[in-house]
Amino acid sequence: MLNIDLFEHIDNNSILELLQCIGIKTKVFKKDSFIIKNNSKIDYLGVILDGKAVIKKNDYTGKSVVIEKLKINDIFGHNIVCCGLNKSPVDIIAETNCEVLFIPFEKVVTPCSKLCNYHIQLIKNVMKMISKRNSLLNDQIDIIGQKTIRDKILAFLESYKNDEKVFSIPYSREEMAKFLCTDRSALSRELSRMQSDGILRYKKNFFEILK
């Protein structure tokens with residue numbers, strides 16, 4: 001738990017004091033259980049310590065759509081509480097068994113009476129993590145803003161490449177299609193054409209961009 005971005009530049013002894021000072025708590029969730037339910041009260045930030053989770057929202061037809069996937073070190077809830085909302089507009093569900101750290105939002109934005117250096121560092125770390133998450137959201141907007149399905153696919157895959165020749169994505173075809181604002185059949189057809197055109201190779205969730 002101590003080796004996460006949230007506690008960057010804070011020594012282990014100070015982290016233990018910080019946990020008591022702020023009232024940070026951890027909780028374990030079993031696979032497929034709700035971490036946050038739609039319309040439930042939320043006044044905290046969450047950080048994934050172990051496992052994976054998924055953010056889902058019902059579309060206009062009532063069907064549950066994957067909005068985002070969360071992994072170790074990812075922060076959530078910031079875009080809700082920072083906007084002054086007190087109820088979650090989404091479900092967050094444990095995709096695997098998960099351990100989650102919860103931080104009271106008021107404790108993040110308000111330094112303690114002691115003005116501890118490590119508390120101030122925690123606030124800096126949280127702001128940095130929020131900034132990174134917002135940057136990723138901007139990248140997602142750029143991806144779905146591409147004109148064609150092919151361009152969307154390439155932009156999406158490039159975001160997961162990370163200089164690796166062969167890489168994997170954490171989305172099923174249905175989830176990927178929803179993310180790219182298209183349907184699964186159209187996505188599958190375009191992937192097949194791209195492979196025939198020598199643009200990429202893929203097998204299940206593993207991809208290689210050739211051009």
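The range 49-151 holds strands (runs of 3 or more DSSP E) entirely within its bounds, and those carrying 1 or more residues that are over 27 Å from residue 21 (Cα atoms) and at pLDDT below 85 map to 53-58, 64-70. When residue 156 is tested against (1) touching a Leu at 6+ places or on another chain (Cβ under 7 Å); (2) more than 29 Å from residue 50 (Cβ to Cβ); (3) free of Cβ contacts under 8 Å to residues at least 40 places away in the same chain; (4) among the hydrophobic types (A, V, I, L, M, F, W, C), exactly one condition is not met: (2). Restricting attention to the range 152-176, the residues being surrounded by 13 or more Cβ atoms within 10 Å (Cβ to Cβ) and in a loop (DSSP other than H, G, I, E, B) number 4.
Look at (1) in contact with a Gly (Cβ under 9 Å, 6 or more places away or on another chain); (2) farther than 18 Å from residue 126 by Cβ; (3) of a type in the set (Ser, Thr, Tyr) and you find that residue 61 fails only one, number (1).
Among the residues that make up the range 70-82, is at least one of them surrounded by fewer than 17 Cβ atoms within 10 Å (Cβ to Cβ), within 21 Å of residue 169 (Cβ to Cβ), assigned by TED's automatic domain parsing to the domain that holds residue 20 and charged (D, E, K, R)? Within the range 70-82 (the criterion being surrounded by fewer than 17 Cβ atoms within 10 Å (Cβ to Cβ), within 21 Å of residue 169 (Cβ to Cβ), assigned by TED's automatic domain parsing to the domain that holds residue 20 and charged (D, E, K, R)), the answer is yes, since at least one residue qualifies.
For beta carbons closer than 6 Å, sequence separation of 6+ or different chains, a first residue in the range 88-106 that is in the same structural domain as residue 32 (by TED's automatic domain parsing) and a second that is of a type in the set (Phe, Trp, Tyr), the qualifying pairs are 93/34; 94/29; 98/29; 102/44; 103/44; 104/44; 105/44. The residues of the range 159-211 that are small (Gly, Ala, Ser), touching a residue at least 12 places away in the same chain (Cβ under 8 Å) and either touching a strand residue (DSSP E or B) at 6+ places or on another chain (Cβ under 8 Å) or farther than 29 Å from residue 51 by Cβ (or both), listed by number, are 168, 186, 188, 198.
Please verify whether residue 99 is among the charged types (D, E, K, R), over 13 Å from the mean Cα position of the chain (by Cα) and surrounded by 15 or more Cβ atoms within 10 Å (Cβ to Cβ), treating the condition exactly as stated.
Working: among the charged types (D, E, K, R): yes; over 13 Å from the mean Cα position of the chain (by Cα): yes; surrounded by 15 or more Cβ atoms within 10 Å (Cβ to Cβ): yes.
When the stated conditions are applied, residue 99 passes them.
Yes or no, residue by residue, for (1) in the same structural domain as residue 105 (by TED's automatic domain parsing); (2) buried (at least 18 other Cβ atoms within 10 Å of the Cβ); (3) out of contact with any Asp or Glu (no Cβ under 9 Å at 6 or more places or on another chain):
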residue: 9; (1), (2), (3): yes, no, yes
residue: 14; (1), (2), (3): yes, yes, yes
residue: 20; (1), (2), (3): yes, no, yes
residue: 28; (1), (2), (3): yes, no, no
residue: 32; (1), (2), (3): yes, no, no
residue: 37; (1), (2), (3): yes, no, no
residue: 41; (1), (2), (3): yes, no, yes
residue: 49; (1), (2), (3): yes, yes, no
residue: 59; (1), (2), (3): yes, no, yes
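Taking first residues from the range 35-56 that are aromatic (Phe, Trp, Tyr) and partners that are not in a loop (DSSP other than H, G, I, E, B), the Cβ contacts under 7 Å between residues at least 6 apart in sequence or on separate chains come to 44/102; 44/103; 44/104; 44/105.
The values are calculated or read from the model by the stated rules, or taken from the named source; none is laboratory data. As the structure is a prediction and not an experimental result, all values here were calculated from the model. Methodologically, a virtual Cβ is constructed for each residue, glycine included, from the backbone with ideal geometry; neighbour enumeration extends over all protein chains shown.
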